[in-house]
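Q: Take a look at the following structure, please.
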Amino acid sequence: MSPLRTQVGIVGAGPAGLLLSQLLHNAGIESVVLERHDRAYVEGRIRAGVLEQGTVDLLTAAGVGARLQREGLVHEGVEVALDGRRHRIDMKALTGGSCVTVYGQTQIQKDLFERRFGDNANIVLEAAPVSLHDVETDRPSLRYLRDGVEHRVDCDFIAGCDGFHGICRASIPADRLDLFERVYPFAWLGILANTRPVSDELVYTSSPRGFALFSMRSTRVSRLYLQCTPDEDLNEWSDDRIWTELQRRLGPEASAGMETGPSTEKSIAPMRSFVAEPMRWGNLFLAGDAAHIVPPTGAKGLNLAVADVRVLAQAFDTYYRTGSADRLDAYSDTCLKRVWKAQRFSWWLTSLLHRFPDRSAFDGRVQRAELQYVLDSAAGQQTLAENYTGLPFGG
Ligand code: APR
Ligand code: PHB
(Lines give C-alpha, C1' and ligand atoms only; values in the text may rest on other atoms or scores of the structure.)
(Ligands and ions follow the chains in the order given, each with its own letter.)
Protein backbone atom coordinates (compact mmCIF):
# COMPACT_ATOMS: atom_id res chain seq x y z
CA MET A 1 0.00 0.00 0.00
CA SER A 2 1.78 3.15 -1.14
CA PRO A 3 0.26 6.11 0.70
CA LEU A 4 -1.01 9.18 -1.03
CA ARG A 5 0.26 12.46 0.37
CA THR A 6 -1.83 15.63 0.61
CA GLN A 7 -2.05 18.77 2.73
CA VAL A 8 -5.62 18.48 4.03
CA GLY A 9 -7.51 15.19 4.21
CA ILE A 10 -11.26 15.87 4.17
CA VAL A 11 -13.80 13.32 5.36
CA GLY A 12 -17.27 13.79 3.83
CA ALA A 13 -18.40 15.24 0.48
CA GLY A 14 -21.48 17.09 1.78
CA PRO A 15 -21.64 20.87 1.36
CA ALA A 16 -19.03 21.44 4.10
CA GLY A 17 -16.43 19.01 2.68
CA LEU A 18 -16.83 19.99 -0.97
CA LEU A 19 -16.88 23.73 -0.31
CA LEU A 20 -13.78 23.42 1.86
CA SER A 21 -11.94 21.54 -0.88
CA GLN A 22 -13.00 24.26 -3.36
CA LEU A 23 -11.81 27.10 -1.10
CA LEU A 24 -8.52 25.29 -0.50
CA HIS A 25 -8.07 24.69 -4.22
CA ASN A 26 -8.64 28.41 -4.86
CA ALA A 27 -5.90 29.16 -2.30
CA GLY A 28 -3.49 26.66 -3.93
CA ILE A 29 -3.80 24.10 -1.11
CA GLU A 30 -4.15 20.40 -1.97
CA SER A 31 -6.82 18.18 -0.48
CA VAL A 32 -8.29 14.71 -0.84
CA VAL A 33 -11.99 14.13 -0.04
CA LEU A 34 -13.16 10.72 1.18
CA GLU A 35 -16.92 10.09 0.94
CA ARG A 36 -18.74 6.99 2.13
CA HIS A 37 -21.61 7.10 -0.38
CA ASP A 38 -21.88 7.46 -4.17
CA ARG A 39 -22.60 10.74 -5.95
CA ALA A 40 -26.27 9.99 -6.67
CA TYR A 41 -26.93 9.33 -2.98
CA VAL A 42 -25.19 12.52 -1.82
CA GLU A 43 -26.92 14.62 -4.48
CA GLY A 44 -30.31 13.07 -3.80
CA ARG A 45 -30.71 14.14 -0.18
CA ILE A 46 -33.42 16.75 0.27
CA ARG A 47 -32.46 19.42 2.78
CA ALA A 48 -33.42 23.01 3.59
CA GLY A 49 -33.13 25.77 1.05
CA VAL A 50 -32.72 29.25 2.55
CA LEU A 51 -29.34 30.94 2.12
CA GLU A 52 -28.12 33.95 4.07
CA GLN A 53 -26.57 36.75 2.01
CA GLY A 54 -23.13 35.87 3.42
CA THR A 55 -23.54 32.28 2.19
CA VAL A 56 -24.54 33.46 -1.30
CA ASP A 57 -21.56 35.85 -1.40
CA LEU A 58 -19.11 33.16 -0.30
CA LEU A 59 -20.38 30.55 -2.79
CA THR A 60 -20.20 33.16 -5.55
CA ALA A 61 -16.68 34.29 -4.62
CA ALA A 62 -15.61 30.62 -4.48
CA GLY A 63 -16.72 30.16 -8.11
CA VAL A 64 -19.75 27.92 -7.47
CA GLY A 65 -22.49 30.56 -7.53
CA ALA A 66 -23.31 31.01 -11.23
CA ARG A 67 -26.49 28.89 -11.27
CA LEU A 68 -27.44 30.13 -7.81
CA GLN A 69 -27.26 33.71 -9.11
CA ARG A 70 -29.47 32.77 -12.09
CA GLU A 71 -32.03 30.51 -10.45
CA GLY A 72 -32.07 31.49 -6.75
CA LEU A 73 -35.16 33.41 -5.60
CA VAL A 74 -34.26 36.52 -3.62
CA HIS A 75 -36.75 37.05 -0.78
CA GLU A 76 -36.93 40.47 0.83
CA GLY A 77 -39.48 39.41 3.43
CA VAL A 78 -40.88 36.44 5.31
CA GLU A 79 -44.39 35.82 6.61
CA VAL A 80 -45.63 34.55 9.96
CA ALA A 81 -49.23 33.31 10.18
CA LEU A 82 -51.03 33.37 13.51
CA ASP A 83 -54.72 32.63 14.01
CA GLY A 84 -55.22 32.41 10.27
CA ARG A 85 -53.79 35.90 9.65
CA ARG A 86 -50.55 36.43 7.73
CA HIS A 87 -48.09 39.07 8.94
CA ARG A 88 -45.22 40.15 6.70
CA ILE A 89 -41.80 40.90 8.11
CA ASP A 90 -39.93 43.20 5.75
CA MET A 91 -36.42 41.84 6.30
CA LYS A 92 -34.78 44.09 3.78
CA ALA A 93 -36.13 47.31 5.31
CA LEU A 94 -35.58 46.16 8.90
CA THR A 95 -31.95 45.16 8.38
CA GLY A 96 -30.85 47.96 6.09
CA GLY A 97 -30.76 45.82 2.97
CA SER A 98 -30.30 42.12 3.88
CA CYS A 99 -32.32 39.45 2.06
CA VAL A 100 -32.22 35.66 1.85
CA THR A 101 -32.03 33.49 -1.27
CA VAL A 102 -34.20 30.41 -1.72
CA TYR A 103 -32.16 27.72 -3.50
CA GLY A 104 -32.22 24.03 -2.55
CA GLN A 105 -29.23 22.47 -0.86
CA THR A 106 -29.58 19.65 -3.39
CA GLN A 107 -28.70 22.16 -6.13
CA ILE A 108 -25.70 23.49 -4.17
CA GLN A 109 -24.46 19.94 -3.79
CA LYS A 110 -24.74 19.41 -7.56
CA ASP A 111 -22.99 22.71 -8.34
CA LEU A 112 -20.14 21.82 -5.97
CA PHE A 113 -19.65 18.32 -7.42
CA GLU A 114 -19.68 19.66 -10.95
CA ARG A 115 -17.09 22.31 -10.19
CA ARG A 116 -14.82 20.02 -8.13
CA PHE A 117 -14.87 17.22 -10.70
CA GLY A 118 -14.36 19.86 -13.41
CA ASP A 119 -11.15 20.87 -11.62
CA ASN A 120 -10.09 17.20 -11.44
CA ALA A 121 -10.35 17.26 -7.67
CA ASN A 122 -9.29 14.16 -5.80
CA ILE A 123 -12.64 12.94 -4.45
CA VAL A 124 -12.88 9.28 -3.52
CA LEU A 125 -16.51 8.13 -3.48
CA GLU A 126 -17.69 4.92 -1.80
CA ALA A 127 -14.69 4.96 0.53
CA ALA A 128 -15.83 2.86 3.48
CA PRO A 129 -14.96 2.52 6.19
CA VAL A 130 -12.69 5.51 6.80
CA SER A 131 -10.49 5.57 9.90
CA LEU A 132 -8.33 8.30 11.47
CA HIS A 133 -4.77 7.72 12.73
CA ASP A 134 -2.09 9.67 14.64
CA VAL A 135 -4.39 12.67 14.91
CA GLU A 136 -2.45 14.13 17.83
CA THR A 137 0.84 14.05 15.91
CA ASP A 138 2.02 16.25 13.04
CA ARG A 139 1.72 13.23 10.66
CA PRO A 140 -1.97 12.31 10.83
CA SER A 141 -3.38 9.91 8.27
CA LEU A 142 -6.65 8.55 6.96
CA ARG A 143 -7.20 4.96 5.91
CA TYR A 144 -10.09 3.62 3.90
CA LEU A 145 -11.26 0.57 2.01
CA ARG A 146 -12.42 0.81 -1.58
CA ASP A 147 -13.43 -2.28 -3.55
CA GLY A 148 -11.90 -4.35 -0.77
CA VAL A 149 -8.45 -2.69 -1.09
CA GLU A 150 -6.98 -0.65 1.78
CA HIS A 151 -5.60 2.82 0.99
CA ARG A 152 -3.81 5.41 3.10
CA VAL A 153 -3.71 9.21 2.83
CA ASP A 154 -0.96 11.00 4.78
CA CYS A 155 -1.76 14.63 5.49
CA ASP A 156 -0.88 17.67 7.58
CA PHE A 157 -4.44 18.15 8.83
CA ILE A 158 -7.78 16.35 8.77
CA ALA A 159 -11.09 18.18 8.27
CA GLY A 160 -14.05 16.27 9.73
CA CYS A 161 -16.93 17.26 7.42
CA ASP A 162 -18.76 13.95 7.72
CA GLY A 163 -22.03 15.07 9.26
CA PHE A 164 -23.73 14.21 12.52
CA HIS A 165 -23.32 10.41 12.15
CA GLY A 166 -19.76 10.52 10.83
CA ILE A 167 -16.58 8.90 12.09
CA CYS A 168 -14.55 12.04 12.88
CA ARG A 169 -16.33 13.29 15.98
CA ALA A 170 -16.76 9.65 17.06
CA SER A 171 -12.95 9.22 16.91
CA ILE A 172 -12.36 11.90 19.55
CA PRO A 173 -11.91 10.51 23.08
CA ALA A 174 -15.04 11.21 25.16
CA ASP A 175 -13.08 13.10 27.81
CA ARG A 176 -11.84 15.60 25.21
CA LEU A 177 -15.31 16.77 24.16
CA ASP A 178 -18.20 18.54 25.87
CA LEU A 179 -21.55 17.73 24.28
CA PHE A 180 -24.64 19.95 24.55
CA GLU A 181 -27.94 18.59 23.33
CA ARG A 182 -31.68 19.20 23.29
CA VAL A 183 -34.11 16.81 21.61
CA TYR A 184 -37.55 18.27 20.85
CA PRO A 185 -40.78 16.35 21.49
CA PHE A 186 -41.86 16.65 17.84
CA ALA A 187 -40.64 16.17 14.27
CA TRP A 188 -41.33 17.67 10.81
CA LEU A 189 -43.17 15.76 8.12
CA GLY A 190 -42.04 17.26 4.82
CA ILE A 191 -43.25 16.95 1.23
CA LEU A 192 -42.18 18.31 -2.14
CA ALA A 193 -44.91 18.94 -4.71
CA ASN A 194 -45.08 20.42 -8.20
CA THR A 195 -47.55 23.08 -7.12
CA ARG A 196 -47.48 26.87 -7.07
CA PRO A 197 -46.40 28.11 -3.59
CA VAL A 198 -49.25 29.62 -1.55
CA SER A 199 -47.31 32.90 -1.27
CA ASP A 200 -44.30 34.54 -2.96
CA GLU A 201 -42.54 34.34 0.41
CA LEU A 202 -42.16 31.64 3.06
CA VAL A 203 -45.00 31.37 5.57
CA TYR A 204 -44.11 30.16 9.08
CA THR A 205 -47.41 29.16 10.68
CA SER A 206 -48.36 28.87 14.34
CA SER A 207 -51.72 27.24 15.05
CA PRO A 208 -53.40 25.32 17.87
CA ARG A 209 -53.02 22.20 15.68
CA GLY A 210 -49.24 22.71 15.55
CA PHE A 211 -46.63 24.37 13.34
CA ALA A 212 -46.63 24.36 9.54
CA LEU A 213 -44.22 25.86 7.02
CA PHE A 214 -45.01 26.82 3.43
CA SER A 215 -41.70 26.99 1.59
CA MET A 216 -40.64 26.47 -2.00
CA ARG A 217 -37.89 25.40 -4.34
CA SER A 218 -39.07 27.53 -7.28
CA THR A 219 -42.18 29.39 -8.40
CA ARG A 220 -43.57 26.00 -9.54
CA VAL A 221 -42.35 23.71 -6.73
CA SER A 222 -43.58 23.85 -3.14
CA ARG A 223 -41.82 22.48 -0.07
CA LEU A 224 -44.20 22.00 2.85
CA TYR A 225 -43.76 20.90 6.44
CA LEU A 226 -46.10 19.89 9.27
CA GLN A 227 -45.19 19.47 12.91
CA CYS A 228 -45.89 15.84 13.87
CA THR A 229 -44.93 13.42 16.64
CA PRO A 230 -41.38 11.97 16.49
CA ASP A 231 -42.73 8.42 16.00
CA GLU A 232 -45.33 9.37 13.37
CA ASP A 233 -46.02 6.63 10.77
CA LEU A 234 -45.57 8.11 7.26
CA ASN A 235 -47.92 5.49 5.82
CA GLU A 236 -50.77 7.09 7.72
CA TRP A 237 -50.22 10.39 5.92
CA SER A 238 -51.81 10.30 2.46
CA ASP A 239 -51.28 13.39 0.30
CA ASP A 240 -54.94 14.30 0.87
CA ARG A 241 -54.52 14.19 4.63
CA ILE A 242 -51.36 16.31 4.44
CA TRP A 243 -52.97 19.01 2.27
CA THR A 244 -56.06 19.12 4.47
CA GLU A 245 -53.92 19.51 7.57
CA LEU A 246 -51.79 22.21 5.93
CA GLN A 247 -54.95 24.15 5.05
CA ARG A 248 -56.35 23.79 8.55
CA ARG A 249 -53.18 25.08 10.17
CA LEU A 250 -52.91 28.06 7.85
CA GLY A 251 -56.63 28.84 8.15
CA PRO A 252 -59.36 29.15 5.50
CA GLU A 253 -58.68 32.75 4.54
CA ALA A 254 -54.91 32.56 4.29
CA SER A 255 -55.00 29.24 2.43
CA ALA A 256 -57.76 30.26 0.00
CA GLY A 257 -56.83 29.28 -3.54
CA MET A 258 -53.94 27.09 -2.40
CA GLU A 259 -52.90 24.74 -5.20
CA THR A 260 -52.63 21.09 -4.14
CA GLY A 261 -51.20 18.08 -5.97
CA PRO A 262 -49.38 14.76 -5.56
CA SER A 263 -46.22 14.78 -3.47
CA THR A 264 -42.95 13.87 -5.20
CA GLU A 265 -41.09 13.26 -1.94
CA LYS A 266 -42.24 12.60 1.61
CA SER A 267 -40.17 12.18 4.76
CA ILE A 268 -39.99 12.80 8.50
CA ALA A 269 -37.08 14.65 10.14
CA PRO A 270 -36.38 14.64 13.89
CA MET A 271 -35.64 17.93 15.65
CA ARG A 272 -32.46 18.36 17.63
CA SER A 273 -30.09 21.04 18.87
CA PHE A 274 -26.52 19.78 19.38
CA VAL A 275 -23.03 21.25 19.83
CA ALA A 276 -19.69 19.49 20.40
CA GLU A 277 -16.93 21.58 21.97
CA PRO A 278 -14.20 22.22 21.07
CA MET A 279 -14.41 21.77 17.30
CA ARG A 280 -10.83 20.48 17.27
CA TRP A 281 -8.80 17.55 18.56
CA GLY A 282 -5.08 17.55 17.72
CA ASN A 283 -4.86 18.09 13.98
CA LEU A 284 -8.51 17.18 13.36
CA PHE A 285 -10.91 20.09 12.79
CA LEU A 286 -14.67 19.48 12.81
CA ALA A 287 -16.92 21.54 10.52
CA GLY A 288 -20.66 21.62 9.76
CA ASP A 289 -23.05 18.95 11.02
CA ALA A 290 -20.13 16.93 12.42
CA ALA A 291 -19.84 19.59 15.13
CA HIS A 292 -23.36 20.96 15.47
CA ILE A 293 -27.00 20.39 14.55
CA VAL A 294 -29.81 22.93 14.64
CA PRO A 295 -33.53 22.24 14.38
CA PRO A 296 -34.64 23.24 10.85
CA THR A 297 -36.78 26.22 11.96
CA GLY A 298 -34.87 29.14 10.43
CA ALA A 299 -32.80 26.93 8.08
CA LYS A 300 -29.43 27.67 9.68
CA GLY A 301 -27.76 24.25 9.16
CA LEU A 302 -26.16 24.81 5.77
CA ASN A 303 -25.37 28.45 6.54
CA LEU A 304 -23.46 27.42 9.67
CA ALA A 305 -21.53 24.76 7.75
CA VAL A 306 -20.52 27.37 5.16
CA ALA A 307 -19.43 29.81 7.91
CA ASP A 308 -17.25 27.09 9.52
CA VAL A 309 -15.41 26.17 6.34
CA ARG A 310 -14.87 29.83 5.52
CA VAL A 311 -13.02 30.29 8.83
CA LEU A 312 -11.17 26.99 8.41
CA ALA A 313 -10.03 27.69 4.84
CA GLN A 314 -8.72 31.11 5.89
CA ALA A 315 -6.85 29.54 8.81
CA PHE A 316 -5.21 26.93 6.53
CA ASP A 317 -4.35 29.67 4.04
CA THR A 318 -2.62 31.73 6.73
CA TYR A 319 -0.78 28.65 7.99
CA TYR A 320 0.56 27.66 4.57
CA ARG A 321 1.45 31.21 3.57
CA THR A 322 3.06 32.41 6.81
CA GLY A 323 3.65 29.35 8.98
CA SER A 324 1.48 30.88 11.72
CA ALA A 325 -0.99 28.50 13.40
CA ASP A 326 -2.71 31.33 15.31
CA ARG A 327 -5.89 31.23 13.22
CA LEU A 328 -6.04 27.43 13.38
CA ASP A 329 -5.68 27.70 17.15
CA ALA A 330 -8.53 30.24 17.23
CA TYR A 331 -10.74 28.19 14.82
CA SER A 332 -12.96 26.52 17.39
CA ASP A 333 -13.56 29.64 19.50
CA THR A 334 -14.19 31.79 16.43
CA CYS A 335 -16.80 29.37 15.04
CA LEU A 336 -18.47 28.54 18.34
CA LYS A 337 -19.33 32.17 19.05
CA ARG A 338 -21.45 32.35 15.92
CA VAL A 339 -22.65 28.74 16.23
CA TRP A 340 -24.15 29.47 19.65
CA LYS A 341 -25.90 32.59 18.37
CA ALA A 342 -27.47 30.54 15.56
CA GLN A 343 -28.29 27.79 18.07
CA ARG A 344 -30.06 30.34 20.24
CA PHE A 345 -32.05 31.68 17.29
CA SER A 346 -33.04 28.23 16.00
CA TRP A 347 -34.10 27.13 19.49
CA TRP A 348 -36.01 30.39 20.01
CA LEU A 349 -37.88 30.26 16.70
CA THR A 350 -38.67 26.57 17.29
CA SER A 351 -39.95 27.31 20.81
CA LEU A 352 -41.97 30.29 19.62
CA LEU A 353 -43.84 28.54 16.80
CA HIS A 354 -44.43 24.89 17.79
CA ARG A 355 -47.05 23.32 19.98
CA PHE A 356 -45.37 21.66 22.96
CA PRO A 357 -47.38 18.64 24.16
CA ASP A 358 -46.46 19.11 27.84
CA ARG A 359 -46.62 22.89 28.03
CA SER A 360 -48.86 24.29 30.80
CA ALA A 361 -51.78 26.58 29.97
CA PHE A 362 -49.80 29.47 31.46
CA ASP A 363 -46.72 28.73 29.32
CA GLY A 364 -48.96 28.47 26.26
CA ARG A 365 -50.33 31.98 26.90
CA VAL A 366 -46.82 33.37 27.41
CA GLN A 367 -45.67 31.77 24.14
CA ARG A 368 -48.57 33.36 22.31
CA ALA A 369 -47.95 36.76 23.88
CA GLU A 370 -44.30 36.58 22.85
CA LEU A 371 -45.19 35.80 19.25
CA GLN A 372 -47.72 38.64 19.23
CA TYR A 373 -45.07 40.96 20.66
CA VAL A 374 -42.58 39.99 17.95
CA LEU A 375 -45.16 40.60 15.23
CA ASP A 376 -46.46 43.90 16.65
CA SER A 377 -43.17 45.52 17.67
CA ALA A 378 -40.59 46.99 15.30
CA ALA A 379 -37.84 45.86 17.71
CA GLY A 380 -39.28 42.33 17.78
CA GLN A 381 -39.51 42.14 14.01
CA GLN A 382 -35.99 43.51 13.68
CA THR A 383 -34.59 40.84 15.99
CA LEU A 384 -36.19 38.15 13.88
CA ALA A 385 -35.10 39.74 10.59
CA GLU A 386 -31.49 40.29 11.68
CA ASN A 387 -31.04 36.68 12.80
CA TYR A 388 -32.96 35.19 9.89
CA THR A 389 -30.92 36.99 7.23
CA GLY A 390 -27.70 36.06 9.06
CA LEU A 391 -25.48 37.55 11.73
CA PRO A 392 -22.11 38.95 10.66
CA PHE A 393 -19.35 36.38 10.16
CA GLY A 394 -17.13 38.03 12.74
CA GLY A 395 -19.79 38.17 15.46
N1 APR B 1 -16.80 8.31 6.01
C2 APR B 1 -16.89 9.07 4.91
N3 APR B 1 -17.93 9.91 4.65
C4 APR B 1 -18.90 9.97 5.58
C5 APR B 1 -18.86 9.20 6.77
C6 APR B 1 -17.75 8.34 6.98
N7 APR B 1 -17.65 7.60 8.08
N8 APR B 1 -19.95 9.49 7.50
C9 APR B 1 -20.65 10.38 6.79
N10 APR B 1 -20.03 10.68 5.64
C11 APR B 1 -20.47 11.61 4.58
C12 APR B 1 -21.97 11.54 4.33
O13 APR B 1 -22.30 10.51 3.42
C14 APR B 1 -22.24 12.93 3.74
O15 APR B 1 -22.11 12.95 2.34
O16 APR B 1 -20.25 12.94 5.02
C17 APR B 1 -21.16 13.81 4.37
C18 APR B 1 -21.73 14.78 5.39
O19 APR B 1 -22.59 15.68 4.75
P20 APR B 1 -23.80 16.42 5.49
O21 APR B 1 -24.50 15.49 6.40
O22 APR B 1 -24.59 17.10 4.42
O23 APR B 1 -23.08 17.50 6.44
P24 APR B 1 -22.38 18.90 6.10
O25 APR B 1 -21.55 18.84 4.88
O26 APR B 1 -21.81 19.35 7.38
O27 APR B 1 -23.60 19.85 5.69
C28 APR B 1 -24.35 20.57 6.58
O29 APR B 1 -26.26 19.65 5.57
O30 APR B 1 -27.27 18.20 7.04
C31 APR B 1 -27.39 19.40 6.40
O32 APR B 1 -28.69 20.79 7.76
C33 APR B 1 -27.42 20.45 7.39
O34 APR B 1 -27.64 21.99 5.80
C35 APR B 1 -26.70 21.48 6.68
C36 APR B 1 -25.65 20.85 5.91
C1 PHB C 1 -37.04 24.46 3.21
O2 PHB C 1 -37.44 25.07 2.21
O3 PHB C 1 -36.74 23.27 3.15
C4 PHB C 1 -36.96 25.16 4.52
C5 PHB C 1 -37.15 26.52 4.56
C6 PHB C 1 -37.09 27.19 5.76
C7 PHB C 1 -36.84 26.49 6.92
C8 PHB C 1 -36.63 25.13 6.89
C9 PHB C 1 -36.68 24.45 5.67
O10 PHB C 1 -36.82 27.15 8.09
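The values are calculated or read from the model by the stated rules, or taken from the named source; none is laboratory data. Nothing here was measured: the structure is a model prediction, and the numbers come from that model. Counting neighbours? That spans all protein chains shown, and the Cβs are built from the backbone with ideal geometry, glycine included. Only protein heavy atoms, including side chains, enter the accessible area calculation; ligands, DNA and RNA are left aside. Shrake-Rupley method; radii C 1.70, N 1.55, O 1.52, S 1.80 Å.
Q: Would you work out the Kirkwood radius for the chain? I mean one over the mean of 1/r across all pairs of different Cα atoms, in Å.
A: 21.9
Q: By what distance, in whole Å, do the Cα atoms of the stretch 243-351 stretch along each of the three principal axes, largest value first?
A: Extents along the principal axes: 62, 27, 21 Å.
Q: Relative contact order for the stretch 1-86: what percent, with Cα pairs under 8 Å and sequence separation of 6 or more?
A: 22
Q: Sticking with this structure for a sec: Report ³J(HN,Hα) in whole Hz for each residue of the stretch 68-82, in order, from the Karplus equation J = 6.51 cos²θ - 1.76 cosθ + 1.60 where θ = phi - 60°; Gly and Pro get x.
A: So the J values, rounded to whole Hz, are 4, 5, 6, 9, x, 9, 7, 10, 8, x, 9, 10, 10, 9, 9.
Q: Which cross-chain or sequence-distant (5 or more) residues have an amide H under 5 Å from the amide H of I123, H modelled 1.01 Å from N in plane?
A: Sorted by chain and number, the residues that satisfy this are V33.
Q: What percent of all Cα-Cα pairs in the stretch 207-287 falls in each 10 Å bin, counting up from 0?
A: Percent of Cα pairs in each bin: 13, 40, 22, 13, 10, 2.
Q: Tell me what the chain gives for mean residue ellipticity at 222 nm when only DSSP H runs of n ≥ 4 count, each as -39,500 (n - 2.57), the sum divided by the residue total, rounded to 500 deg cm²/dmol.
A: Result for the chain: -11500 deg cm²/dmol, rounded to the nearest 500.
Q: Continuing with this model, one more query. Quick one: helix 239-250 against the long Cα principal axis of the chain, what's the angle to the nearest 10°, folded into 0 to 90?
A: Approximately 70 degrees, to the nearest ten.
Q: Now for a separate question. Tell me, what ³J(HN,Hα) does each residue in the stretch 190-198 have, in order and in whole Hz, if you take phi through Karplus 6.51 cos²θ - 1.76 cosθ + 1.60 with θ = phi - 60° and put x for Gly and Pro?
A: x, 10, 10, 8, 7, 10, 5, x, 5
Q: Report the gain in length on full extension from T383 to D134: 0.36 nm times residue separation, minus Cα-Cα distance, nm rounded to one decimal. Write out the running numbers ahead of the final one.
A: Details: separation 249, 0.36 × 249 = 89.64 nm, distance 4.51 nm.
Value of the extension gain: 85.1 nm.
Q: What net charge is computed for the residues neighbouring L328, neighbours being all others with C-beta under 11 Å from the C-beta of L328, Lys and Arg scored +1, Asp and Glu -1?
A: Combined, the nearby Lys, Arg, Asp and Glu give -2.
Q: Taking all protein chains in place and a 1.4 Å probe, what share, in percent, of the accessible surface of the chain do carbon and sulfur account for?
A: C and S atoms contribute 48 percent here.
Q: Once you charge only the Cβ atoms, +1 for Lys and Arg and -1 for Asp and Glu, what is the size of the charge dipole of the stretch 1-142 about its Cα centre, to the nearest 20 debye?
A: Using only the charged Cβ atoms, the result is roughly 320 debye.
Q: Sticking with this structure for a sec: Defining a contact as two alpha carbons under 8 Å apart and six or more residues distant in sequence, what relative contact order in percent does the chain show?
A: The normalised contact order for the chain reaches 20 percent.
Q: Helix 326-353: angle to the longest alpha-carbon principal axis of the chain, degrees 0 to 90, nearest 10?
A: Helix 326-353 sits at roughly 20 degrees to that axis.
Q: In the stretch 113-251, if every C-alpha pair distance is counted and binned at 5 Å from zero, what percent goes to each bin?
A: Whole-percent P(r) values from 0 Å outward: 2, 7, 12, 13, 11, 8, 10, 12, 12, 8, 4, 1, 0.
Q: May I pose another question? Calculate log10 I(q)/I(0) of the stretch 296-395 for q = 0.16, 0.20 Å⁻¹, where I(q) comes from the Debye formula with a single equal point scatterer on each Cα and nothing for solvent.
A: -0.76, -0.99
Q: Might you report the magnitude of the Cβ-based charge dipole of the stretch 1-76 about its Cα centre, with Lys and Arg at +1 and Asp and Glu at -1, to the nearest 20 debye?
A: Value, rounded to 20: 240 debye.
Q: Quick one: what are the phi-derived ³J(HN,Hα) couplings along the stretch 378-390, Karplus 6.51/-1.76/1.60 with θ = phi - 60°, whole Hz, x for glycine and proline?
A: Computed from phi, the couplings for the stretch 378-390 are 4, 5, x, 4, 5, 4, 5, 4, 5, 6, 5, 7, x Hz.
Q: Could you work out how far apart the two model spin labels at R359 and A325 are, taking each label as a point 7 Å from the Cα in the direction of the beta carbon, and quote it in nm?
A: Output for this residue pair reads 4.8 nm.
Q: With a 1.4 Å probe and all protein chains left in place, how much accessible area per residue does the chain have, in Å²? Don't skip to the answer; put the middle values down first.
A: On the way: 17120 Å² over 395 residues.
Using a 1.4 Å probe on heavy atoms only, each residue of the chain averages 43 Å².
Q: Continuing with this model, one more query. How many nm is it between the label spots at N120 and D239, if each spot is 7 Å from the Cα in line with the beta carbon?
A: So the label points at N120 and D239 sit 4.7 nm apart.
Q: K92: which lysines have alpha carbons under 19 Å from its alpha carbon, excluding same-chain residues fewer than 8 sequence positions away?
A: Of all the lysines, those that pass the test against K92 - Cα under 19 Å, at least 8 places apart if same chain - are K300.
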